[in-house]
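Enquirer: Pasting a structure below so you can have a look.
The values are calculated or read from the model by the stated rules, or taken from the named source; none is laboratory data. Fair warning: this is a prediction, and the values are worked out from it, not measured in the lab. Heads up, the Cβs are rebuilt from the backbone with ideal geometry, glycines too, and the neighbour counts pull from every protein chain shown.
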Amino acid sequence: MFRFSKSLRLPAGRLMPLVLALGLWVILTPGQARCVESEGRFLLVMDAPGHSSSAWDMLKKTNWVEGVVKNLQASFSLPRSLIIHFGDGPGPRYSPERVEIGIPYAFVEEVAKLLADRNAHPDATRLQNDTLDVVEWVLYHELAHAFIDLYNLPVLGREEDAADALATLLVIRLVENGGHMALTAADLLARIAANLPHAAKTSFWSEHTLDQQRFAQVVCWVYGSDTATFAPLIASGALPQRQAWRCPDVFAVMAQGWLRLLDRHIKPA
Ligand SMILES: [Zn+2]
């Protein structure tokens, strides 16, 4: 298990196992949210789908989401319990009224389909990993909206940009190869924004596609987090050389800003 820490030191990266199989099936108990910060919990709810669902099958097989929730539980204290709900409802979205992040199985399946469409001969394992990378980044983006609400955080600038920033910081700090995860997610979401006709953008994508500015921001944060590992971003042209020099500072300022906001909510080591 990996905890989010207050230190700005980057994780040991490749040594970390990605997901622990924990069997963390939580029964929803409404009305038990408390006011004491440390008593809030991350509650995972996964509805059994009423139809065959490749997303449900994948999530059951991998235990990925249980690992994500376990990491969050170990890292952050909450003033109220936050539900992470996979099912057939709307989303991805954070609902302040329900204190709930909703991720539809259909969204997971749509991500897998779009990733498969990009590659004529997709490797099944790679496709699954890329799908979960995108979904995890989107989950953390929604988590940022939840933190802004639950912790009553001030947000300077657009909340969507702040949510992109925390999503990227969390994957870099909590996940092996997290920078690659952020790039996979940003790349797919930017391609959708660029290629899907307006009418084809379902509610999944309306808030989650990345315009070029948001995409470039994610690329800069990832490069700035580890300039050696992500040097190929410059060679490939994804990050212009003339902008790259400032990215380590841009990432450090972003990370310090979020760490300052989250400081008293991060559980002690
Ligand atoms: Zn958002």
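Enquirer: Every residue in region 94-103 that is under 15 Å from Val45 (Cβ atoms), within 15 Å of the ligand (Cβ to nearest atom) and not hydroxyl-bearing (Ser, Thr, Tyr), please.
Expert: Glu100, Ile101, Gly102, Ile103, listed by residue number.
Enquirer: Working only within region 65-93, note down all residues that are more than 16 Å from the ligand (Cβ to nearest atom) and small (Gly, Ala, Ser).
Expert: Gly67, Ala74, Ser75, Ser77, Ser81, Gly87, Gly89
Enquirer: Given the conditions (1) out of contact with any Gly (no Cβ under 9 Å at 6 or more places or on another chain); (2) under 24 Å from Asp187 (Cα atoms); (3) in contact (Cβ under 8 Å) with a residue 24 or more places away in the chain, report the number of the one that Phe86 does not fulfil.
Expert: For Phe86, the exception is condition (1).
Enquirer: Of Ala182, Ala163, Ala167, which residue is away from the ligand (no atom under 12 Å from the Cβ), touching a helix residue (DSSP H, G or I) at 6+ places or on another chain (Cβ under 7 Å) and either in a helix (DSSP H, G or I) or in contact (Cβ under 8 Å) with a residue 40 or more places away in the chain (or both)?
Expert: Of Ala182, Ala163, Ala167, the one residue that is away from the ligand (no atom under 12 Å from the Cβ), touching a helix residue (DSSP H, G or I) at 6+ places or on another chain (Cβ under 7 Å) and either in a helix (DSSP H, G or I) or in contact (Cβ under 8 Å) with a residue 40 or more places away in the chain (or both) is Ala182.
Enquirer: If we scan region 140-155, do we find a residue that is within 16 Å of the ligand (Cβ to nearest atom), in a helix (DSSP H, G or I) and either of a type in the set (D, E, K, R) or more than 23 Å from Leu44 (Cβ to Cβ) (or both)?
Expert: Checked region 140-155: at least one residue is within 16 Å of the ligand (Cβ to nearest atom), in a helix (DSSP H, G or I) and either of a type in the set (D, E, K, R) or more than 23 Å from Leu44 (Cβ to Cβ) (or both).
Enquirer: When you look at Leu262, is it over 13 Å from Asp164 (Cβ atoms) and touching a residue at least 60 places away in the same chain (Cβ under 8 Å), yes or no?
Expert: So Leu262 passes the test.
Enquirer: Any idea how many residues of region 104-139 are within 16 Å of the ligand (Cβ to nearest atom), in contact with a strand residue (DSSP E or B) (Cβ under 9 Å, 6 or more places away or on another chain) and in contact (Cβ under 8 Å) with a residue 40 or more places away in the chain?
Expert: Of the residues in region 104-139, 3 are within 16 Å of the ligand (Cβ to nearest atom), in contact with a strand residue (DSSP E or B) (Cβ under 9 Å, 6 or more places away or on another chain) and in contact (Cβ under 8 Å) with a residue 40 or more places away in the chain.
Enquirer: Report, by residue number, each residue of region 140-160 that is touching a strand residue (DSSP E or B) at 6+ places or on another chain (Cβ under 8 Å) and without any contact (Cβ under 8 Å) to a residue 12 or more places away in the chain.
Expert: Residues satisfying the conditions do not exist here.
Enquirer: Please verify whether region 204-213 includes one or more residues that are modelled with pLDDT of 95 or more and of a type outside the set (A, V, I, L, M, F, W, C).
Expert: no
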